[in-house]
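The values are calculated or read from the model by the stated rules, or taken from the named source; none is laboratory data. This is a predicted model, so every value here is computed, not measured. Here the Cβ is made from the backbone with ideal geometry for all residues, glycine too, and neighbour counts use every protein chain on show. Accessible surface areas use protein heavy atoms only, side chains included; no ligands, DNA or RNA. Shrake-Rupley method; radii C 1.70, N 1.55, O 1.52, S 1.80 Å.
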Amino acid sequence: MPELVDREHVLQLLSECADVKGQFTANEYEMYSHIKEKYDNETDESFDDKICLEVMLRNISIRKDLGIDKNDITRVIDVEKKG
């Protein structure tokens with residue numbers, strides 16, 4: 001049942017993200033919200049979701065270590081919702 005293990009890991013990462021969601025950049029928060037909604041509705045799961053959440057949590061740590069404020073991030077990617 002590797003799917004259940006991966007799902008449980010993603011749910012754990014979502015819980016960790018919920019604790020620090022105020023530290024996400026706008027794009028990270030949008031991605032977090034999208035993934036959270038996806039798992040709340042129990043739709044298709046993806047290994048990429050796990051990777052995205054891990055990277056976002058790592059980004060918070062890196063910004064903290066480098067003393068970068070999330071509001072100082074200038075690169076913005078506009079993700080359009082389809083459908």
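Results, tabulated for the structure shown:
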{"item": "All positions within segment 43-62 that are touching a helix residue (DSSP H, G or I) at 6+ places or on another chain (Cβ under 9 Å) and open to solvent by 100 Å² or more (accessible area, probe 1.4 Å)", "result": "ASP44, PHE47"}
{"item": "Scope segment 10-39; condition modelled with pLDDT under 90 and open to solvent by 60 Å² or more (accessible area, probe 1.4 Å); matching residues", "result": "ALA26"}
